[in-house]
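A short reminder: the numbers here are calculations on the coordinates, not readings from a lab. Quick caveat, the model's predicted, so the values are computed rather than measured. Note that each Cβ is placed from the backbone with ideal geometry, even for glycine, and that neighbours are counted across all protein chains shown.
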Ligand SMILES: Nc1nc2c(ncn2[C@@H]2O[C@H](COP(=O)(O)OP(=O)(O)O)[C@@H](O)[C@H]2O)c(=O)[nH]1
Ligand SMILES: [Mg+2]
């Protein structure tokens, strides 16, 4: 059993090195792992930092020659992991801004014994978020409330970007949806993927995580206004599909 970690990277020169070190510290002694870093047209030194890291750690670097957005980066990473993994492997996605602690990957792998997807949740008992700007907390809670009401999902943190997938499920999704496994360009990609998993009959559970925004070097890449608009569009789209039961 192997664990693939997908890191979407856009201008993360300050964060990706300490993150890869701590992934290695946590996972290295426990199980075989491989990092798939998707450098999405960064114009800082992210690419050089990743190349240096790949000399010492199992890091594969994929890339886009220009910035295509978080959704495209996740799609590139997930399709590569679906191709490279065996059915009993696991695939984790997490932010590369060093705010997600890799120690939670071990909890996720345990929980994945009884689920297809494990979401690292800030909002279940034991979950914590520190140093997150108030407007981001409000946005995330509001979207989660709407998602729960619209889709009756038994999930508290459907927008968390820290997830673990069973590779067998990912392979099924990638065969079904191919390049359209993620169609969102930006930050709504995580929710889109989760809704597709649920609609395809996947079992999703949550484990508590600590998200520490104080560990982030540099500013958030999220553009607030366009992200809100994209969430509204995504929710309408999926709601319509829900009503017409056209989804596969
Ligand atoms: N590949 C790619 N990754 C992105 C882009 N924008 C953000 N990211 C990555 O997506 C993750 C989430 O962005 P981040 O700034 O941490 O958002 P926040 O933590 O929600 O404020 C990080 O790993 C970023 O490097 C992008 O345009 N392309
Ligand atoms: Mg982040």
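Per-residue ellipticity at 222 nm, computed for the chain from helices alone with -39500 (n - 2.57) per DSSP H run of at least four residues, works out to -14000 deg cm²/dmol. Counting neighbouring Cβ atoms within 10 Å and putting the fewest first, the residues 151, 225, 187 line up as 225, 151, 187. Cα centroids of region 55-83 and region 93-164: 22 Å apart.
Estimated at 0.36 nm per residue, the fully extended path between residue 240 and residue 223 surpasses their Cα-Cα distance by 3.5 nm.
Its Cα gyration tensor gives region 1-106 an equivalent ellipsoid, and the semi-axes of that ellipsoid, as √(5λ) in whole Å with the largest first, are 20, 16, 12. Its relative contact order, with pairs defined as Cα atoms under 8 Å and 6+ residues apart, puts the chain at 24 percent.
With contacts taken as Cα pairs under 8 Å and at least 6 residues apart, region 44-131 reaches a relative contact order of 11 percent. Once both labels are positioned 7 Å from their Cα atoms along Cα-to-Cβ, the gap between residue 203 and residue 25 label points is 3.4 nm. With only Cα atoms counted, region 3-244 has Rg and Dmax values of 16.6, 51 Å. Annotation: peptides 13-22, 58-67, ranked by per-residue average of other Cβ atoms within 10 Å with the highest first, follow the order 13-22, 58-67.
Taking only the Cα atoms of region 124-164, the radius of gyration and Dmax are 10.8, 30 Å.
The relative contact order of region 1-86, computed from alpha carbon pairs under 8 Å that lie at least 6 residues apart in sequence, is 36 percent.
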